[in-house]
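In what follows, a single structure is set out as structure tokens and then discussed.
The values are calculated or read from the model by the stated rules, or taken from the named source; none is laboratory data. If you're wondering where the values come from, they're calculated on a predicted model, not measured in any experiment. We place every Cβ from the backbone using ideal geometry, glycine too, and count neighbours over all the protein chains shown.
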Amino acid sequence: VCGAVAMFASPLSVLKVVMEKRSAAAIPLPFTVASLVNCFLWCVSGIFVMKDWNVTVPNVLGFLCSAAQLALKITYGDGPRGGSELPK
């Protein structure tokens, strides 16, 4: 359980850098999206099919970590040099 949550939360280890540089270039988008979808599907399966909290709890935590990573990626993008800003 702890290993699974640590894996999903690992991209959040760069949170300080993201906030200081106002760039989420260090957060891998494909991993974040894959984790979000994976955890969502396992949550649904754990709640409705298996009815097993040992499946549901780690995947809810993973989903929340992935959602936080995606929110940072959407908010900060890849920074000012990443081309995420619209021309003025």
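Some values worked out for this structure:
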{"read-out": "Where a residue in segment 20-31 is assigned to a loop (DSSP other than H, G, I, E, B) and its partner, wherever it lies, is modelled with pLDDT of 90 or more and of a type in the set (Lys, Arg), with Cβ under 8 Å and at least six apart", "value": "24/73; 27/73"}
{"read-out": "Criterion: closer than 15 Å to residue 78 by Cβ, out of contact with any strand residue (DSSP E or B) (no Cβ under 7 Å at 6 or more places or on another chain) and either surrounded by fewer than 16 Cβ atoms within 10 Å (Cβ to Cβ) or small (Gly, Ala, Ser) (or both) - qualifying residue of 44, 17", "value": "17"}
{"read-out": "All positions within segment 20-41 that are more than 15 Å from the chain's Cα centre (by Cα) and either hydrophobic (A, V, I, L, M, F, W, C) or surrounded by 13 or more Cβ atoms within 10 Å (Cβ to Cβ) (or both)", "value": "21, 23"}
{"read-out": "Test set (1) within 11 Å of the chain's Cα centre (by Cα); (2) modelled with pLDDT of 90 or more; (3) among the hydrophobic types (A, V, I, L, M, F, W, C) - residue 9 fails condition number", "value": "(2)"}
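Let's see how each residue does on (1) in a helix (DSSP H, G or I); (2) under 14 Å from residue 4 (Cβ atoms); (3) at pLDDT below 95; (4) not aromatic (Phe, Trp, Tyr):
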| site | (1), (2), (3), (4) |
| --- | --- |
| 16 | yes, no, yes, yes |
| 40 | yes, no, no, no |
| 43 | yes, yes, no, yes |
| 55 | yes, yes, yes, yes |
| 69 | yes, no, yes, yes |
| 78 | no, no, yes, yes |
| 86 | no, no, yes, yes |
